[in-house]
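Engineer: One structure, as structure tokens, below. Some questions next.
Just so you know, all these numbers are worked out from the coordinates, no wet-lab data involved. The structure presented is a predicted model; accordingly, all values stated were derived computationally and were not measured. Cβ placement follows ideal geometry from the backbone for every residue including glycine, while neighbour counts extend to all protein chains displayed.
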Amino acid sequence: MGTNTLRSFNESFPKGVIGRYAISPAVRVLNYLELESRLARSGIGTSTKQQRKALAETDVDVITSPWEGETPGRALLSGAVGGRFFADFDVAHCNVIGPGSVAVARHAKRNDIPLVLHSHVTSEDFAESFRGSSLVARPLGRYLKWFYSQADLVLCPSEYTKSVLERYPVNAPIHPISNGVDAESLAGFESFRDEYRARYDLEGMVVFALGNVFERKGLTTFCRVAQQTDFDFAWFGTVDDGPHASSTVKRWTENPPENVTFTGWVDDKRGAFAAGDVFCFPAKVENQGIVVLEAMACGKAVVLRDIPVFDEFFTHGVDCLKCETETEFRRALELLERDPELRERLGENARETASEHSLKRVGERLVEEYTKLV
């Protein structure tokens, strides 16, 4: 590069702003998901994966393990011979609330490393998930108050979640940032339609849901509304059948209504979005709802329970329909079946809404927050 060209380049892009996300010098961020293999299929796992993908397009250097040598065993060996137990990082960003994350938090506080704790879990959204989870929710709230209050910054998916944490109260700055939606991961979903509809014997306007089968996600409403209609209903997602499974989940999944199919885990979520026509999500509590954004990114008409968090992101009659009672859900589905043009219009508007939650924007926000801390 010639001298004049180099001078022009430096004047146009001063140090630290080369590229939209640049930080100079590069910041090394730990993006940690404790129990990653077990949480890979959860919303927390999806959110963390999307954070890392968003950051891959920035100048941030991301590591995913806090341990020297990448495992606790190797870290112990390192410490035993006088080496480091923890890896080297400039910012610690933890996505779960377990003992590994507590250890990282303590290390960060001892060594003046900025600590970011991502609130994917509240006591409110933990209830009605597993057997006994509602009983654990109250003491969990006290633990979360302590855990999140250690942070230099708490990130959460919505203003609604922020208000929940403020009521605990969490004694740390709390900034909402969308989980975003990975539109690239949904590319080509249409090609799976015939295969998945044939596999699960689905016909006509298919009403569907996607994700782990929990009562908190509106399982009872989903099944009762199905009983009041002739549509095919399909819930794509893992059904827990172990001792931790709730009695409500067992009751509905072991003896479902005739027009309801529980598929269990599907290898490719694109098949679910291809097979279904109307995404029905009567969840009782959500911090945002990544799966809603995914359905919208696929241009699906969406029917939601009218809960506060959805008011932040979605507008009734524009990009979704919101309902409170089983009767309203049934009427909304019948309306969408009678009016394909409405279904198409809601889907197109939904796609526009999803585009506002791109991973590019998630990356921008994360870098902005890290920059302030370091």
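Engineer: For the chain, with a Gaussian network of springs between Cα atoms less than 10 Å apart, report the residue from GLY264, GLY276, GLY242 with the top mean-square fluctuation.
Structural biologist: Residue with maximal mean-square fluctuation among GLY264, GLY276, GLY242: GLY242.
Engineer: Using 0.36 nm times the number of residues separating ASP306 and ASP339, minus their current alpha carbon distance, what extension gain do you get?
Structural biologist: Taking ASP306 through ASP339 to full extension adds about 9.7 nm, to one decimal.
Engineer: Restricting attention to the stretch 33-104, which trypsin sites (Lys or Arg not before Pro) occupy a DSSP loop and are surrounded by at most 13 other Cβ atoms within 10 Å?
Structural biologist: Loop-located and lightly packed - ARG84.
Engineer: Between ARG365 and ARG199, what is 0.36 nm times their sequence separation minus the Cα-Cα distance? Round to one decimal in nm.
Structural biologist: On the way: separation 166, 0.36 × 166 = 59.76 nm, distance 4.08 nm.
Result for the pair: 55.7 nm of gain on full extension.
Engineer: Moving on to the next point. What is the set of long-range amide H partners of ALA40 at a cut-off below 5 Å, with H atoms built 1.01 Å from backbone N?
Structural biologist: It is none; the list stays empty.
Engineer: Going by a ≥ b ≥ c, the root eigenvalues of the Cα gyration tensor, does the stretch 187-356 fall in the rounded group (a/c under 1.5), the prolate group (a/b larger than b/c) or the oblate group?
Structural biologist: In terms of gyration-tensor shape, rounded.
Engineer: Net charge within 13 Å of THR161 by Cβ-Cβ distance, Lys/Arg positive one each and Asp/Glu negative one each, not counting THR161 itself?
Structural biologist: -4
Engineer: Please list the non-local residues whose amide H lies under 5 Å from the amide H of ALA87, H modeled 1.01 Å from N, same-chain partners needing a gap of 5 or more.
Structural biologist: TRP67, GLU68
Engineer: Let me check I've understood the local charge: for LEU33, count other residues with C-beta under 14 angstrom from its C-beta, Lys and Arg +1, Asp and Glu -1. What total comes out?
Structural biologist: Surrounding charge for LEU33 is +2.
Engineer: Right, another one. Counting only residues 5 or more places away or on other chains, whose amide H sits under 5 Å from the amide H of LYS322 once H atoms are built in the peptide plane?
Structural biologist: LEU304, GLY317
Engineer: A follow-up question, please. Grab the DSSP H runs of the chain that are 4 residues or longer, score each as -39,500 (n - 2.57), total them, divide by all residues and round the 222 nm result to the nearest 500 deg cm²/dmol.
Structural biologist: -13000 deg cm²/dmol
Engineer: Do you know the Lys pair count in the chain for C-alpha distances under 16 Å, with sequence separation 8 or more or different chains?
Structural biologist: 10
Engineer: Now, a different point. Would you kindly state how much longer the chain becomes between ARG84 and ALA26 on full extension, computed as 0.36 nm times their sequence separation minus their alpha carbon distance, in nm to one decimal? Can you show the working numbers first?
Structural biologist: Numbers: separation 58, 0.36 × 58 = 20.88 nm, distance 2.20 nm.
Extra length from ARG84 to ALA26 when fully extended: 18.7 nm.
Engineer: Still on this structure, please answer the following. Label-point separation (nm) for ARG351 and ASP230, each offset 7 Å from Cα along Cα-to-Cβ?
Structural biologist: Distance between the two pseudo-spin positions: 3.1 nm.
Engineer: Relative to the Cα centre, what is the charge dipole magnitude of the chain, using +1 at the beta carbon of each Lys and Arg, -1 at the beta carbon of each Asp and Glu, and rounding to the nearest 20 debye?
Structural biologist: 1340 debye
Engineer: Near LYS300, within a Cβ-to-Cβ distance under 11 Å, what is the net charge of the other residues, with Lys and Arg +1 and Asp and Glu -1?
Structural biologist: -3
Engineer: Which one of VAL260, GLY276, VAL302 has its Cα pushed farthest toward the positive end of the charge dipole of the stretch 187-356, where Lys and Arg give +1 and Asp and Glu give -1 at the Cβ?
Structural biologist: Farthest along the dipole direction, towards plus: VAL260.
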